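**Student:** Next up is a structure, given as C-alpha cells.
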Amino acid sequence: MTSSSVLHSLSDASRICLRDPLHYQVVHVPVRSVASWWGKGNTEGGGENGGGGTGKGDKKKKGGGGEKPDASAPGGEEGGHVGSGDRGRQSTGGGDRVVVVENRTKGSHSSGAEASTLDAVAKVGAGENAPRHPHVLALPIMRRPFFPGLVQAVNITSPKVFEAISSIKNDYGHYYVGTFLRKEDPGEGSPPEVITDLSQIYQTGTLAQVQNTIPLGMGGQVVLVSHRRIKIDGSIALGPPLRVKVSHLEGRAYDPDSTLIKAYSNEVVSTVRELVKVNPLFKEHFNFYTQKIDIVDPFRLADFAATLSTAEGKELQEVLEELDAEKRLNKALILIKKELELGKIQQEIQQQVEAKISQKQREYFLMEQLKYIKKELGMEKDDKEALLTKFRERIKTLQVPKLAQAAIDEELEKLESLEKNSSEFNVTRNYLEWLTSLPWGVTSEENFDLKRAKVILDEDHYGLQDIKNRILEFMAVSKLKGSTQGKILCFVGPPGVGKTSIGKSIARALGRAFHRFSVGGLYDVAEIKGHRRTYVGAMPGKIIQCLKTVQTSNPLVLIDEVDKLGRDRGDPASALLELLDPNQNESFIDHYLDVPVDVSKVLFICTANLIDTIPGPLLDRMEVIRLSGYDLPEKVAIAQQYLIPKAREEAGIPMPSIEGREEAGLEGGKEGHVETKEGEGGEEAMEKKPHSAMDIPENVRITEGAIDSLIRWYCREAGVRNLEKHIEKICRKLAHEVVQKAEGVEPKGADELGPGGGEESGQGEEDVATREDWSVTEKNLEKYVGKRVFTSDRLYEGGAPPGVVMGLSWTAMGGASLYIEVQSVRHKSSGGGTLTSTGQMGSVMEESTRIAHTFARRKLEDFQADNAFFDTHDLHMHVPEGSIPKEGPSAGVTMTTALLSLALNRSVRADVAMTGEISLTGKVLPVGGIKEKTIAARRSGVTCLIFPHGNKKDFEELPGYLKEGLEVHFATVYNDVFDCAFAEESGGGGGSGGFLAPKE
C-alpha cells in the first residue's frame, strides 16, 4: 500500500470501523501530535487542504498547500510501529487527524481489496493482546457487568467523567478505561460514575477500549469495546473521575481434553441453541458472536452464554470473577438454563394469547363469509337494511301522531346515509329504537263490570271503602262515556295500610296493565323528563320507559313515595307538574324523545305518608284520598281473612277443613267463606306437597282472643305490617312444634315457654308431648311472641293528679294518647310566672304553650280573682316520651286545662281526653285526624271525648262501632271544655266494652 491510499475524511474512517468494530476504532488526533503518535520513522501526510507530504524514515518532505500527496512516497509504509504488529491510518480534516486503528495481531490478514487498504493501518492490542496498563481511569457502570469481547454504549451523566474520557489520550497516553459494576443504585440525582469509596463497586471488572465519544448535554455517550478482566489493586484518586491501580487477570490453566469441560461446553451450546429457538431475539446475537469467538475456548464460551442471560447483576458478576474454566461454565450454564425456562414460559403465554386472537379472527372471518353468502343467496339483508326494515315494520300497525311520524321519517333518512361504524349511527339507531317501541295508539281493553271489580277489590283488601268507591265511580263514568280516561289520585296514610298493594288490585279490577316506580329520594329531573340526546348514555324518563314496558297507552302507573322527593339537580317535583296535570299531559314532551306523547289515558296513583312535604302546585293537581289506618275490629278481620291464611300456607300448615273449623268453633259468614276457600286449597296441597303425609292436627289455630291481645299489646300501629310479622312468627313456631311431635322429639316444655308462661306452662314436657289442643290463645301468646311491648293502655291508672291531662294526637303512624304534665315551683323572691316547656316540641307547639299560658292566667283571674298562683310560681310543662318529636296546635285546649288543673289543685275527670286548637280569646278551633284520635281514645279506655265543634261532621262520619259507648262533647269556646273536664263523671259510655268486645 502506498501513501496515495491514505484516508482523507472521517466518513472513510467510520466506514472501516463500522464494518468491523471489534478490530478498528476511530481516534481524533491533533495535527501537532501526529508525529509523536506515529512514533519514530512516521511521515507526516498531507491532504488536499493541508500542507501535505510524504517521506521515509526520519526524512520529511513538505507538500504544498492544497496539493495531493506525492504518489511515489511510501508514506509511513515502513514506520509507525506503536506496538508489535500494530498499524495506523490517518486522514486530514481541519486541525485534527482522523486515525483508524486496526486491532489485530501479527500474522492476521485481510483478503482482497480490503487487505490492501488495511495493511497500512497501525495496529494496537485486542483481547488478551491488549496493552497491560497498570493505571487506568475507572468507570463505574450499572445493572450488568461488561464481559470481554462486547461492544457497548455507556451513557455518562457526570460532565467531569465524560470530559476525562474524551481527553483520555492526552491525559493518560492510551485509549483504555476500566469498567466496574456498582453494587447498589446511587439513587435519583446522583451520577452512577461518581463514587466516594472503592467498596461501592466490585473489585473485578473489564479493560475496555474507548471506541467513540458523543457529547449529549452535560454528559455524553461512550462506545466501549471490552478486552480482558482486570482487578483493582488500589486507588490513585477517587475523583471524579476515579483513577485506580489494576492488575490484569488471566484464566487459569485447564486441560483441553477434560471430559467434564467438554460436557459443560456441549451443554452450554445446546442450551443456547434451544434458547435461540424459544426467543428469536437472541438469534442475531448468536450468529454474530459465533463468527467472532472460538466456541472451543471454554472461557469465551462461558462469557458469551452469560451475555445472553437477563439475570441480576450480582449473578453475572460471579461469572465475571470466576477464573476457573469448569466453574465459570457451570455458573454460566445455570444462568442460561434459567433463561431458557423463562423463555419457555414466555412462549407458552404468547401461544395462549395467539390462540385466543386466532380463534377470534377465525370466527370473525367465518362470520363475514357467512354474511356474504347469505346476502348473495338473498337469505339476509345488510345490517343497515335490516334495521330500516325492522323500524318500518314496527310502525305499520300503529297510529303514530304526525309530529312523531315526521321525526321517525327524518331519522330513517338520516340512518340510511350514515356509516355503520360512526358514532352518530348508534345514536340515531337508539333514538329510533325508542320512537318505534312506544305503543302509539295502543290501548288495553278495560273492564266496566262493577260487580266483578268490587269482588276483586274485596278479595285482596279489607275496608278502604273510600278508595274502592272512588275506583267504582271512575269505572262508572268511563262506562257511560264509552271511553277510557286518565286520573291522578293520591293515597295518603300511615305505613302498612295497603296504599301500594291496593294499586295492583285496582289494575286487576280495571283490566289495565300495572307499572310501579318509586320517586323516594329521587333528585334528578332527568329521571322524570329524560336526558338530552347530546349526553353519552342518554335515556328517556321513567314514564316513557313505563310505556315501552307495558306496551299500552292506558296503564295504571303507581308513583310511590311522592312525599319524599329529593332536591339536588333541579326540582323533580316541578318536573312532575306537566306529567300529572290533566290539562297538559296530552302532549307530554320527554327531553330524549323531543316529540309529544299522550299520557292522558294513564291512571296515575300516587302514595304518600304526609301531604305537608308535597309542594302545593303538585298537590293541587292530585285528588287526595286519606287512609286513616285500621282500628281493632278491622285488624282482627284482616288477620282472620287474609294474614293468617297466608302465613299458614307459607309455614306449611294448611287451613282446616269445614268440619275441623266447626269443631274448633270458628264463626261462619264472610270470614268462614274465605277460610273454606283457603281450606280446600290446603287439602289439595296436602295430597301434592311432600309434607302432606305428616299428620297435622286439625285444631292448629289462632283464637280471636289471641289476635285481640296481639293487636292490643304488640301491634298498635295504624297499619298491619307489624301484625303480619308477628302472625308469621307464630305460624313458624307452630310448624316447629308440629314437626317435633311427629318426629318424637320432646321440647323442653317450661323452658321453651319462657318466663311468664303462667300455669299452663307449668305442665312442662307432658303438655307439649301429649297436648291435644293446638290453639294459640291469649294465655299462651307470650310463648310465641315474647313479653308484651306495651304494658298498659294509660300512663296514669285510676286517674291523673292535678296538672296532668290526657290529650289526643295524630301522627304518621296513626292516633295516640298524649299526656300533658305541668308542675310548679314557688318563686322565693319577688316576681315569678315563668313557663318552661320540654318534650321535643316543635315551633308551632311551643307557640301553643305560650297561648295556653296567657289564656289560663286570664281564665283563672275570671274564675278566682284572688288566686295569685301564676304570679308566685314558676311553671314547667312537659310532654312524656321526650325522644319523639311533637308538632301541631291540637294540644292547645289540653295545655290550658293542665295549667288550670294545677292552679286550682283539682284533677280532671279520669275518663276524659280532649283535642283542639285554642285561640288567644278562647275559641276552640277544629283539628284533623278525628278517626285516628277516636281509635286511640278507645284503646286507652277513655269514654268521654272533647272535640272542637267544627269536627262534629267528621265524628258523625265514623262507623257506628267506633261511636258506640262514647260520651262526646263538642266545644265552641274553652268554657265548654272547662265545664266538661272539671265536672263529675257521668258514668255513661259503658267503658271500653263496646270497643274490645267482638263485633256481633
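**Student:** Which distance in nm do the two modelled labels at residue 740 and residue 516 give, with both placed 7 Å along the Cα-to-Cβ direction?
**Tutor:** With each label point 7 Å from Cα toward Cβ, the separation is 3.6 nm.
**Student:** Please report the equivalent ellipsoid semi-axes of the stretch 256-373, computed as sqrt(5 x eigenvalue) of the Cα gyration tensor, largest first, in whole Å. Intermediate results must be reported in sequence, preceding the final value.
**Tutor:** Working: eigenvalues 341, 40, 25 Å².
Gyration-tensor ellipsoid for the stretch 256-373: 41, 14, 11 Å.
**Student:** Given Cα pairs under 8 Å that are at least 6 residues apart, what percent is the relative contact order of the stretch 817-885?
**Tutor:** Contact order relative to length: 63 percent.
**Student:** Here is a further query. What accessible area, in Å² to the nearest ten, does a 1.4 Å probe give for residue 206?
**Tutor:** Its heavy atoms expose roughly 0 Å² to the probe.
**Student:** For the stretch 450-628, please report how many Lys pairs fall under 13 Å Cα to Cα, leaving out neighbours fewer than 8 apart on the same chain. Before the final figure, lay out each step's value.
**Tutor:** On the way: 451/468; 454/468; 468/499; 468/504; 487/601; 529/542.
Summing the qualifying lysine pairs gives 6.
**Student:** If you count only protein heavy atoms and use a 1.4 Å probe, how large is the accessible surface of residue 810, to the nearest 10 Å²?
**Tutor:** Approximately 90 Å² of residue 810 is accessible to the 1.4 Å probe.
**Student:** Something else: Using amide H atoms built 1.01 Å from N in the peptide plane, name the residues 5+ places from residue 968, or on other chains, whose amide H lies under 5 Å from its own.
**Tutor:** Under 5 Å from the amide H of residue 968 lie the amide H atoms of 945, each far enough along the sequence or on another chain.
**Student:** Using the heavy atoms of the protein chains alone and a 1.4 angstrom probe, what is the accessible area of the stretch 804-982 per residue in square angstrom? Write down the numbers at each step before the final one.
**Tutor:** Working: 7440 Å² over 179 residues.
Heavy-atom SASA per residue in the stretch 804-982 reads 42 Å².
**Student:** Rounded if a/c is under 1.5, else prolate if a/b is larger than b/c, else oblate: which is the stretch 804-982, with a ≥ b ≥ c the root eigenvalues of its Cα gyration tensor?
**Tutor:** Prolate shape, in that a/c is at least 1.5 and a/b is the bigger ratio.
**Student:** So which trypsin sites (Lys or Arg not before Pro) in the stretch 136-206 are both in a DSSP loop and have at most 14 other Cβ atoms within 10 Å of their Cβ?
**Tutor:** Of the trypsin sites (Lys or Arg not before Pro), the ones in loops of the stretch 136-206 whose Cβ has at most 14 other Cβ atoms within 10 Å are 143, 183.
**Student:** Using the Cα centre as the reference, give the magnitude of the dipole from point charges on the C-beta atoms of the stretch 124-250 (Lys, Arg: +1; Asp, Glu: -1; all else neutral), rounded to the nearest 20 debye. It would help to have the intermediate numbers written out before the result.
**Tutor:** On the way: 12 positive and 10 negative charges, 50 e Å.
It works out to roughly 240 debye.
**Student:** What residues qualify as long-range amide H neighbours of residue 565, i.e. H under 5 Å apart, gap of 5 or more or another chain, H built at 1.01 Å from N?
**Tutor:** Residues meeting the criterion, in which the H sits 1.01 Å from N, are 521.
**Student:** Spin-label point model (7 Å from Cα, Cβ direction): what's the residue 964 to residue 384 distance in nm?
**Tutor:** Result: 8.0 nm between the two label points.
**Student:** Could you derive backbone 3J(HN,Hα) for the stretch 214-221 from the dihedral phi with the Karplus parameters 6.51, -1.76 and 1.60 (θ = phi - 60°), listing whole Hz in sequence and x where the residue is Gly or Pro?
**Tutor:** Couplings: 10, x, 9, x, 6, x, x, 10 Hz.
**Student:** Once amide H atoms are built 1.01 Å from N in the peptide plane, which residues 5 or more positions from residue 595, or in another chain, come under 5 Å H to H?
**Tutor:** The list, which skips near neighbours in sequence, is 590.
**Student:** Taking the full set of protein chains and a 1.4 angstrom probe, give the accessible area of residue 628 in square angstrom, rounded to the nearest 10.
**Tutor:** About 30 Å², ignoring ligands and nucleic acids.
**Student:** Could you rank 135, 461 by how accessible they are, 1.4 Å probe, largest area first?
**Tutor:** Order by accessible area, largest first: 135, 461.
**Student:** In the stretch 380-464, what trypsin sites (Lys or Arg not before Pro) fall in a loop by DSSP, with at most 10 other Cβ atoms inside 10 Å?
**Tutor:** 396
**Student:** On to the next question. In the neighborhood of residue 235, defined by Cβ-to-Cβ distances under 14 Å, what is the net charge if each Lys or Arg adds +1 and each Asp or Glu adds -1?
**Tutor:** Summing Lys and Arg as +1 and Asp and Glu as -1 gives +1.
**Student:** May I pose another question? Per residue of the stretch 708-713, in order, report the coupling 6.51 cos²θ - 1.76 cosθ + 1.60 (Karplus, θ = phi - 60°) as ³J(HN,Hα) in whole Hz, putting x for Gly and Pro.
**Tutor:** Whole-Hz 3J(HN,Hα) from phi for the stretch 708-713: 4, 5, 4, 6, 5, 9.
**Student:** Over the stretch 581-656, with the other protein chains present, what is the accessible area per residue in square angstrom, probe 1.4 angstrom?
**Tutor:** So the stretch 581-656 comes to 36 Å² accessible per residue, rounded to a whole number.
**Student:** At a 1.4 Å probe radius, carbon and sulfur cover how many percent of the accessible area of the stretch 450-628? Before the final figure, lay out each step's value.
**Tutor:** Values: 3750 of 7590 Å².
Whole-percent figure for carbon plus sulfur exposure: 49.
**Student:** Top to bottom by accessible area (1.4 Å), largest first, where do 142, 655, 539 land?
**Tutor:** 539, 142, 655
**Student:** Would you mind getting the accessible area per residue of the stretch 256-373, heavy atoms of the protein chains only, 1.4 Å probe, in Å²?
**Tutor:** Solvent-accessible surface per residue comes out at 63 Å².
**Student:** For the stretch 804-982, give the magnitude of the charge dipole about the Cα centre (Cβ charges: +1 Lys/Arg, -1 Asp/Glu; no others), in debye to the nearest 20.
**Tutor:** With only Lys, Arg, Asp and Glu charged at Cβ, the dipole is about 100 debye.
**Student:** For residue 203 and residue 334, what is the calculated FRET efficiency with R₀ set at 35 Å and r taken between the beta-carbons, to the nearest 0.05? Please report the intermediate quantities before stating the final value.
**Tutor:** On the way: r = 23 Å, r/R0 = 0.65.
With a Förster radius of 35 Å, E is 0.95.
**Student:** Run the dipole for the stretch 876-959 about the Cα centre, Lys and Arg Cβ at +1, Asp and Glu Cβ at -1, nothing else charged, and hand back the magnitude in debye, nearest 20.
**Tutor:** Approximately 180 debye in magnitude.
**Student:** Among 417, 401, 427, which residue has its Cα positioned farthest towards the positive end of the charge dipole of the stretch 381-433, with +1 placed on the Cβ of Lys and Arg, -1 on the Cβ of Asp and Glu, and the dipole taken about the Cα centre?
**Tutor:** Highest projection toward the positive end goes to 401.
**Student:** When the Karplus curve 6.51 cos²θ - 1.76 cosθ + 1.60 is applied with θ = phi - 60°, which whole-Hz ³J(HN,Hα) does each residue of the stretch 582-599 get, with x for Gly and Pro?
**Tutor:** So the Karplus estimates, Gly and Pro as x, are x, 8, 10, 6, 5, 9, 5, 10, 8, 4, 6, 5, 6, 9, x, 10, 8, 10 Hz.
**Student:** How many nm is it between the label spots at residue 402 and residue 442, if each spot is 7 Å from the Cα in line with the beta carbon?
**Tutor:** 2.5 nm
**Student:** Right, next: Return the FRET efficiency for the residue pair residue 844, residue 865: r is the Cβ-Cβ distance, R0 is 45 Å, and the value is rounded to the nearest 0.05.
**Tutor:** 0.90
The values are calculated or read from the model by the stated rules, or taken from the named source; none is laboratory data. None of these values were measured; they are calculated from a predicted model. As a convention, Cβ positions derive from the backbone with ideal geometry for all residues, glycine included, and neighbour counts pool all protein chains shown. Only protein heavy atoms, including side chains, enter the accessible area calculation; ligands, DNA and RNA are left aside. Shrake-Rupley method; radii C 1.70, N 1.55, O 1.52, S 1.80 Å.
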